Structures are given as structure tokens and as C-alpha cells.
1. Per the helix-only calculation at 222 nm, which mean residue ellipticity applies to the chain, given -39500 (n - 2.57) for every DSSP H run of n ≥ 4 and division by its residues, nearest 500 deg cm²/dmol?
2. Can you give the relative contact order of the chain as a percent, counting alpha carbon pairs under 8 Å and 6+ residues apart?
3. Rounded to the nearest 5, what is the percent of antiparallel bridges among the DSSP beta bridges in the chain?
4. Compare the Cα positions of 223, 120, 135 along the charge dipole of the chain (+1 at Cβ of Lys, Arg; -1 at Cβ of Asp, Glu; about the Cα centre) and return the one farthest towards the positive end.
5. Treating the beta-carbon of each Lys and Arg as +1 and of each Asp and Glu as -1, no other charges, what is the dipole magnitude of segment 120-215 about its Cα centre, to the nearest 20 debye?
6. Using the Cα gyration tensor of segment 37-121, with a ≥ b ≥ c the square roots of its eigenvalues, what is the shape: rounded (a/c below 1.5), prolate (a/b larger than b/c) or oblate (neither)?
7. What longest range of the chain stays clear of loop-exposed trypsin sites (Lys or Arg not before Pro) (DSSP non-H/G/I/E/B, at most 16 other C-beta within 10 angstrom)?
8. Just one of [x] 19.2; [y] 18.7; [z] 20.4 is Kirkwood radius over Cα pairs in Å as worked out from the coordinates here. Which one is it?
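All of the numbers you see were taken from the coordinates with simple rules; none came from a lab. This one's a predicted model, so the numbers in the text were calculated from it and none came from an experiment. Methodologically, a virtual Cβ is constructed for each residue, glycine included, from the backbone with ideal geometry; neighbour enumeration extends over all protein chains shown.
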Amino acid sequence: MRARAAAATALLAALAATACSPGGSDRDDTADTSEPGPEQRLTVLAAASLTETFTELARELEAEQPGVEVTLAFDSSATLAQQALEGAPADLLATADTRTIESAADALAAAPEVFATNTLVLVVPAGNPAGIESLDDLAGATFVTCVETAPCGASWAALADEQDVEAEPASLEVDVKAVLARVVADEVDAGVVYATDAVAAGGAVETLDLPGAEQQVTSYALGLLAQSSQPGLAQDFADLVLGETGQRVLTDAGFGPP
């Protein structure tokens, strides 16, 4: 399967450079032994917490449509929304909340659609070396969360306020995968991530439910981009996510229904 995942900023810069490069060159084309490129390329901007599920669905689309290559750019939802507004060469935007995708409304070709939900949990390294059992234990621990511009950070800020959490995180990470990576590496005592990230980490972490998290459910939404060069293919991917296969993949990963 050819589905490729990459950091959004570097990937989009490369795609933009390719799009703007001149068509001719001085090289001898007869000496080109490289394999032919895909007949169609789809570029999807997606929230970091969708890494595993969208990678699986991209491979599914490629299997269904030979000649199609799906390129996935994962990052913070806020970063991706801004890139979409700036005309990034992409076809579809998927964010971890509706507020962020609505902020990119000027870049969308149609109204966005909600396709999944998620909730926050607290994860600790396997074995829970700091002995964290509740939010009260964060006062004497080193923990990390997302920046508040990211949906995971905004949800945590609301939850912390509601639960009167006074402990301050040791750092604010760019997205939820960065938070998870620090916990898995045993660099911190705990981290606030989505339930799906805890599932993806498997035995590398232990999961603690957060009181009040069920009141801070985040809704994931996707929308076709106005600058898309592959609107039909973008709709095919959206239909896959919203359809039976996509919903099964999302449910298996721990996402809730739309």
C-alpha cells in the first residue's frame, strides 16, 4: 500500500514546491528509470489523533481504487486549519473538534460533517511509577497536556477548571501524539490524551478515567477543501470515513459515534 503519513508543514511545503516547479528540464528523459507516479494523488490534512485510523482507511481507499495514492499530513488541528486557509495544496481537512474546522470555513467547499467523538483520559507509564490514582495526585507529579489552541488542550482547560485542578503541567505539547510520546518514553509521570490514544499505545501505558470527561466530549469533523484538485476523490474518502467501513475502524480504535 502506498498511503504515506508525514508531518504537515514539511509535507505541504514539498507539495507546494512540486506544484510550482517548471515542467521542462535539461535532463535526458530517456534515461529516467524511475517508476511511474500515481494516476491520482489525494492529500488529507488530519488531526494527530487520527493517525492510526486514517492510515488504515487511506490504505483501504488505495486498495479499492488502484492508481490512487493517499498522502496524509498529521498535525495539530489549529495548525492544519490555518494551512487550509492559506491555500495549502490539499483536498480534505479533518479536525478533532467542530470549532476548529468552523474557523477554516472560508477554505471549505461545503459544510463540514461530524464523523466521530472522543473523550479525554489520563495515561501514565506502564507500572505507574509515580503512583498516580486521581487528579489530586497531579499536584506532586510531572504531567503534560496539549497547548490550548489544540482541541485536546482546550478540552483539558475546560475540564481542569470544572474540577478545580490547580496543578500546572510541566509543558504544553503541540498535539496529543506529542503528549503520548513523552508518557510512553517515561519522561513524565502522566499525560492527558484522548481515549483512542490510550488504546493505540496498548501496554505501554495505563489509563485512568478523568472525572467530568464525559461532559467534555469532542466531535471530529471533516470537510472538502475549496482548493482541492481532486474533489471527487476527496468525496470518496469522506464517504469511506462516514460509511460502514470507516465507522467500524473508528469504533475499533475507541472513538465514539458521531
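1. Result for the chain, helices only: -10500 deg cm²/dmol.
2. Working: 516 pairs, mean separation 67.2, N = 258.
After rounding, I find 26 percent.
3. DSSP beta bridges in the chain are roughly 50 percent antiparallel.
4. My answer, from the dipole projection, is 223.
5. Roughly 400 debye for segment 120-215.
6. Oblate shape, in that a/c is at least 1.5 and b/c is the bigger or equal ratio.
7. Details: sites that count: 2, 27.
It runs 28-258.
8. Computed from the coordinates, Kirkwood radius over Cα pairs in Å corresponds to [x].
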